[in-house]
Amino acid sequence: MTVSLYDRLGGYDAIALFATQLVDQAKADDLLGRIWAHSGEDRDARALQMLINYLVRETGGQMYYTGRDMALAHAGMGITDVDWTRFLEIVVSVAGELGVEAQEGGEVMAFLDSLKSDIVTSS
Ligand code: HEM
């Protein structure tokens with residue numbers, strides 16, 4: 001039987017920790033921080049939970065995602081190619097800190113890459 005990426009990453013808690021650290025670092029980043037400059041705590045808390053739920057669902061966990069699709073969720077944010085590269089650097093760094101294995105890390109990166117054209121809308 002094939003073990004889902006969700007299970008191989010360590011399940012809900014591991015994905016929640018990954019998402020929390022990723023968003024914390026992106027918000028604190030000199031380049032990316034501008035995107036969150038004027039959003040409030042509750043908005044950010046909701047968006048983080050949506051990110052966790054989305055990643056759980058997409059990796060094969062038991063979750064009903066109630067958020068928006070990636071194009072709608074990020075429309076108008078002005079996310080550029082340079083932002084995307086920086087965001088993925090943070091993904092790699094957090095995955096490394098959390099001890100994500102090369103196989104699973106590669107699958108996560110391939111999945112994120114498939115979303116790029118929906119999220120990067122500015123040049
Ligand atoms: C592969 C990468 C990404 C994934 C999987 C992802 C996923 C998500 C999800 C699931 C949501 C919640 C949607 C909803 O509220 O209905 C969201 C919201 C958000 N994302 Fe992303 N995102 C990605 C990349 C980025 C990048 C690169 C940035 C900025 C540099 C970003 C900034 C935001 C912000 C600010 C929100 C909150 C929107 C709001 O408050 O309504 N995201 N993202």
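Reported count of residues in region 37-56, each being near the ligand (Cβ under 6 Å from one of its atoms) and either among the polar types (S, T, N, Q) or surrounded by 17 or more Cβ atoms within 10 Å (Cβ to Cβ) (or both), is 3.
The residues of region 65-86 that are surrounded by 13 or more Cβ atoms within 10 Å (Cβ to Cβ), under 14 Å from residue 29 (Cβ atoms) and hydroxyl-bearing (Ser, Thr, Tyr) amount to a single one, 80. Residue count for region 46-64 satisfying the condition of being closer than 16 Å to residue 7 by Cβ, part of a helix (DSSP H, G or I) and not aliphatic (A, V, I, L, M): 2. Of all the criteria given as (1) more than 24 Å from residue 123 (Cα to Cα); (2) under 14 Å from the mean Cα position of the chain (by Cα), the one not satisfied by residue 91 is (1).
From the list 89, 107, the lone residue that is open to solvent by 80 Å² or more (accessible area, probe 1.4 Å) and either assigned to a helix (DSSP H, G or I) or within 11 Å of the ligand (Cβ to nearest atom) (or both) is 89. Residue count for region 1-15 satisfying the condition of being surrounded by 14 or more Cβ atoms within 10 Å (Cβ to Cβ) and over 10 Å from the mean Cα position of the chain (by Cα): 8. A single member of 46, 34, 57 is within 17 Å of residue 108 (Cβ to Cβ) and out of contact with any Gly (no Cβ under 6 Å at 6 or more places or on another chain), and it is 57.
Matching residues to (1) more than 17 Å from residue 8 (Cα to Cα); (2) aromatic (Phe, Trp, Tyr):
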position: 38; (1), (2): yes, no
position: 56; (1), (2): no, no
position: 68; (1), (2): yes, no
position: 73; (1), (2): yes, no
position: 76; (1), (2): yes, no
position: 81; (1), (2): yes, no
position: 102; (1), (2): no, no
position: 111; (1), (2): no, yes
position: 122; (1), (2): yes, no
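Pairs linking a residue in region 89-115 that is free of Cβ contacts under 8 Å to residues at least 40 places away in the same chain to a residue that is of a type in the set (Val, Ile, Thr) and open to solvent by 60 Å² or more (accessible area, probe 1.4 Å), with Cβ atoms under 8 Å and 6 or more positions apart or on different chains, are 105/92; 109/92. Here region 20-32 is the region considered, the condition is being surrounded by 12 or more Cβ atoms within 10 Å (Cβ to Cβ), of a type outside the set (A, V, I, L, M, F, W, C) and closer than 20 Å to residue 81 by Cα, and the residue that is farthest from the chain's Cα centre (by Cα) is 29.
The values are calculated or read from the model by the stated rules, or taken from the named source; none is laboratory data. Note that the structure is predicted; figures quoted are calculated from it, not measured. Cβ sites come from the backbone with ideal geometry, for glycine too, and all protein chains shown count toward neighbours. Areas reflect the complete protein model, heavy atoms only, side chains present, ligands, DNA and RNA absent. Shrake-Rupley method; radii C 1.70, N 1.55, O 1.52, S 1.80 Å.
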